[in-house]
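**Student:** What follows is a single structure, and I will ask about it in a moment.
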Amino acid sequence: MERREFVKFLVFGSLLPYIKDINSLTSFPDLAVVESESPYKGTKLAVEAIGGIKRFVSKGDVVIVKPNMGWDRRPELGANTNPEVIKAIVEMCFNAGAKKVIVMDNSVNDPRRCYKNSGIIEALKDMGAETPLPNPRVAKRVKIGGEWIKEWEVLPQFLEADKIINVPVAKNHSLAILTLGMKNWLGAVGGERNRLHQKIHEAVNDFSNFFKPALTVLDAWRMMVRNGPTGGSPGDVILKKIIVAGKDYVAVDSYGAFLFGKSYEELPFLKIAKERGLGEVELQRLKIEKKKV
């Protein structure tokens, strides 16, 4: 070993314990789970607990916030993401220096009615966020590279964004058992979406691995526990008052399953995610920070 290399070795070796200490100071929980009377406050606290929005959004970024806004339902019916959750995330993105924030979904029902009756448009009034209606006709066919879906039509805004934040609502689902973060990507694509139901569990894994959200925030403040994904009655919903945030979207969905009293083994899409190594499904292996405020 030459003298210069030897000196580098000694210096690096002497600094190694300090480097480890620095890394430990910047390590964050895998998940934050916040129970709060306010979905707005709970969302902010959950994101802060995993490092704050600046960990995920940089100055000058174009950010897409992807709620579930697919249904012509009022907020209290729990079919769409809570408008206060979306408001908190949009506000944080702008505070982090985002150049543009777009909030959109390829709604199942009439988009104009969904956007309005979800309460999200009103919540974002005067905040500066863009809320374009989806236009599946301009969706671009791109390589998805999935194990089942090789190519598909994707709304152009999702292809052009620097960062995507996935903000689903927690619901039961007649076909997928549960709809959480991974299922939410069907609102980012065009094409013949009914075909995706043939292999829904494979499809949501293919899309999740394609979109790779910077952050997932699960709205479990209201949880639809029956007649999902559309619901329609207050009796379909329970007030859980929980927000879950994490970088690992598989871990977020696994915790969402736990809130419904289910393990990942009961959900084919999570079993597939584990097999493909897309994220962590074993909750006991995660560092989870819980708060009640």
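No lab work stands behind these numbers, since they all come straight from the coordinates. Computed from a predicted structure; not experimentally measured. Backbone-built Cβ (ideal geometry, glycine too); neighbour counts: all protein chains shown.
**Student:** Which angle between 0 and 90 degrees, to the nearest 10, do you get for helix 249-259 versus the longest principal axis of the chain when only C-alpha atoms count?
**Tutor:** 60
**Student:** Over the range 119-241, what is the relative contact order in whole percent, taking alpha-carbon pairs under 8 Å and six or more residues apart?
**Tutor:** Values: 182 pairs, mean separation 33.0, N = 123.
Reported as a whole number, the value is 27 percent.
**Student:** Moving on to the next point. Do you know the relative contact order of the chain, to the nearest whole percent, from alpha carbon pairs under 8 angstrom that are 6+ apart?
**Tutor:** Values: 635 pairs, mean separation 67.6, N = 293.
Value for the chain: 23 percent.
**Student:** Using only alpha carbons, build the gyration tensor for the range 98-245 and give me the equivalent ellipsoid semi-axes, biggest first, whole Å.
**Tutor:** Details: eigenvalues 107, 84, 44 Å².
Semi-axes, largest first: 23, 20, 15 Å.
**Student:** Past 29 Å, Cα to Cα, is the threshold; run K59/K171; K241/K271; K116/K292 against it and keep the listed order.
**Tutor:** Exceeds cut-off: K59/K171; K116/K292.
**Student:** Still on this structure, please answer the following. So how far apart, in nm, are the two label points at K41 and E275 if each is 7 Å from Cα heading toward Cβ?
**Tutor:** Distance between label points: 4.5 nm.
**Student:** Using modelled amide H (1.01 Å from N, peptide plane; none on Pro or chain starts), what sits under 5 Å from the amide H of V154, excluding residues fewer than 5 places away?
**Tutor:** Long-range HN contacts for V154: K140, R141, V142, G190.
**Student:** Report the label-to-label distance for S174 and N109 in nanometres (one decimal), using points 7 Å from each Cα along the Cα→Cβ vector.
**Tutor:** Output for this residue pair reads 1.5 nm.
**Student:** Follow-up. Calculate the spin-label point distance for E48 paired with R195, positioning each point 7 Å from the Cα along the beta-carbon direction, and give it in nanometres.
**Tutor:** According to this spin-label approximation, the distance is 4.7 nm.
**Student:** What shape does the range 183-254 have by the C-alpha gyration tensor, where a ≥ b ≥ c are the square roots of the eigenvalues, rounded means a/c under 1.5, and otherwise prolate means a/b greater than b/c and oblate the rest?
**Tutor:** On the way: a/c = 2.53, a/b = 1.24, b/c = 2.04.
Oblate, since a/c reaches 1.5 and b/c is not below a/b.
**Student:** Let me know the shape class of the range 27-109, please: from the alpha-carbon gyration tensor, a ≥ b ≥ c as square roots of the eigenvalues, rounded when a/c is under 1.5, otherwise prolate if a/b is greater than b/c, or oblate.
**Tutor:** Numbers: a/c = 2.28, a/b = 1.28, b/c = 1.78.
Oblate.
**Student:** Compute the acute angle (0 to 90°) between the alpha-carbon long axis of helix 200-211 and the principal axis of greatest extent of the alpha-carbon atoms of the chain; round to the nearest 10°.
**Tutor:** The helix 200-211 is inclined about 50 degrees to the chain.
**Student:** Please label the shape of the range 28-292 as rounded, prolate or oblate, based on the square roots a ≥ b ≥ c of the eigenvalues of the alpha-carbon gyration tensor (a/c under 1.5 means rounded; beyond that, a/b larger than b/c means prolate, else oblate). Show your work: numbers first, answer last.
**Tutor:** Details: a/c = 1.13, a/b = 1.01, b/c = 1.12.
Since a/c stays below 1.5, the shape of the range 28-292 is classed as rounded.
**Student:** Excluding residues on the same chain fewer than 8 positions from K247, give the aspartates and glutamates whose Cα lies under 16 Å from its Cα.
**Tutor:** Those aspartates and glutamates meeting the cut-off are D30, E48, D162, D219, E280, E282, E289.
**Student:** A further question on this structure: Starting with the highest mean, order 116-126, 278-288, 205-215, 235-245 by the number of other Cβ atoms within 10 Å, averaged over the residues of each peptide.
**Tutor:** Values: 116-126: 18.0, 278-288: 15.2, 205-215: 21.7, 235-245: 20.1.
Per-residue mean Cβ counts within 10 Å order the peptides as 205-215, 235-245, 116-126, 278-288.
**Student:** So what is the calculated 222 nm ellipticity per residue for the chain, using -39500 (n - 2.57) for each DSSP H run with n of 4 or more, over all residues, to the nearest 500 deg cm²/dmol?
**Tutor:** Working: 9 runs with 95 residues, N = 293.
After summing the helix terms and dividing by residue count, I get -9500 deg cm²/dmol.
**Student:** Still on this structure, please answer the following. What's the angle, to the nearest 10 degrees (0 to 90), between helix 3-25's Cα axis and the longest principal axis of the chain?
**Tutor:** 40
**Student:** For the range 168-293, state the average projected area of the convex hull of the C-alpha atoms over all orientations, rounded to one decimal in nm². Before the final figure, lay out each step's value.
**Tutor:** Numbers: hull surface 31.9 nm².
If you wrap the Cα atoms of the range 168-293 in a convex hull and average its projections, you get 8.0 nm².
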